[in-house]
Structures are given as C-alpha cells and as structure tokens.
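Notes follow the structure.
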Amino acid sequence: MKRFLLFLNNLLFVCAIGLCANDIDSTDVNNQLQRYTFQIETDKAFVSGLLLANESEDVINGSMINEFGVSAIDFTYSKRKQKVKLLNVVSFLNKWYIRMVLKDDLKFCLHILYGTPFNKKHKYEIVRIGNTVSIINHKRNLKYTFTPLNTTDADDTEEQPL
C-alpha cells in the first residue's frame, strides 16, 4: 500500500510539472504559429482546409489539413537553402510530377505569405483582396488561395475575418 501511494504521489508530481511545462511551451508556439484557410483549385477538382505553419529560426514546418482532419500535405521549408521538402502527401496527390509542382508552388506561396523576396523569375499571378491572397500558376492552371484565421482571446476559438 505504501508503495502504491508513493507511486501515485510521484505520478501526480510528474504530471503537474509536465502541465506547467506545456503551458509555457504552448504560449511560445502559439506566437509563431500561422493559421490560414487554404484552397487549391484545378479545372476539375479542389482541395481545401487549414494550413498550419510554425516558423523557427531557419525552418518553416507546415501541414495542410483538409476539412475532415486528414493531413493532405506535410512539409518543411529551409530558409537558408530555400528548399521545400514534402514529408507526407495524401495518396491521390502522391505522384512524382504532382509533388514536383507542389514543391515549387509551395515555395513561392511561403515567400508571399511570409513577405520574403523571391529571387527568381516566376510564372505566377498574385491577387490580393482584403486579407485573402490568391496565387495563380498559369502554366499548370492552378490557383492557391490563402486567408489568415484570426484568434479571439475570449474563448480562444478561431474565426474567419470579414
């Protein structure tokens, strides 16, 4: 019985320390986390959902999640090398030629969303309407639309700006 109570006491102590550490880390992460709604459109289909991107010193880690909570695309972007690495891609987009186009387009989209200059000549048209940014790839006839999500402090939910 004494061993059980000692074990339970230690377990509660470790959980309390873990919760305090998570509260501190989560505030730092939320400050650097960018949230957008996204839509990738083609002539015949579209994919839409949330883009969650976390910026650190040299890397932007991101995930594009559809409305059902399935991760469509997970990626990392190295600012120093200026390269996108696709970590996970949903099966219907996981073809070598689609991955190649997604890499180039995501790299340009991240430059636009984070406001960094793009050094190379590009084949994109950028349309800004309010907070919404649309990036059109005329060569492949693709349209990427991003709208930032605003968080409210009252109940910490997200709502789309008007």
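Any read-out appearing in this document is the output of simple, stated calculations on the displayed coordinates, not a laboratory observation. Just so you know, these numbers come straight off a predicted model, no measurement behind them. Neighbour counts run over all protein chains shown; Cβ positions are idealised from the backbone, glycine included.
Between segment 75-91 and segment 111-150, the alpha-carbon centres lie 17 Å apart.
Using R₀ = 22 Å, calculate the FRET efficiency as 1/(1 + (r/R₀)^6) where r is the Cβ-Cβ separation of LYS44 and LYS123; round to 0.05. Please list the in-between numbers first.
Values: r = 21 Å, r/R0 = 0.95.
The calculated FRET efficiency here is 0.55.
Can you tell me which of 120-130, 141-151 comes out highest on packing, and rank the rest after it, using the mean Cβ neighbours within 10 Å? If you can, show how the numbers build up before the last one.
On the way: 120-130: 11.1, 141-151: 16.5.
Per-residue Cβ counts within 10 Å, averaged per peptide and sorted highest first, yield 141-151, 120-130.
Around GLU125, under 14 Å between beta carbons, what's the net of Lys plus Arg minus Asp minus Glu among the other residues?
Details: positive: LYS121, LYS123, ARG128, LYS139, ARG140, LYS143; negative: GLU41, ASP105.
Its environment carries a net charge of +4.
Potential lengthening of the chain between VAL101 and THR76 amounts to 7.5 nm, from the contour at 0.36 nm per residue minus the alpha-carbon distance.
Sort segment 33-159 into rounded, prolate or oblate with this rule: let a ≥ b ≥ c be the square roots of the eigenvalues of the Cα gyration tensor; rounded if a/c is under 1.5, and if a/c is not under 1.5, prolate when a/b is larger than b/c, oblate otherwise. Before the final figure, lay out each step's value.
Working: a/c = 1.30, a/b = 1.21, b/c = 1.07.
Rounded, since a/c falls under 1.5.
Structural descriptor for segment 33-159: relative contact order 22 percent, calculated from alpha carbon pairs under 8 angstrom and at least 6 residues apart.
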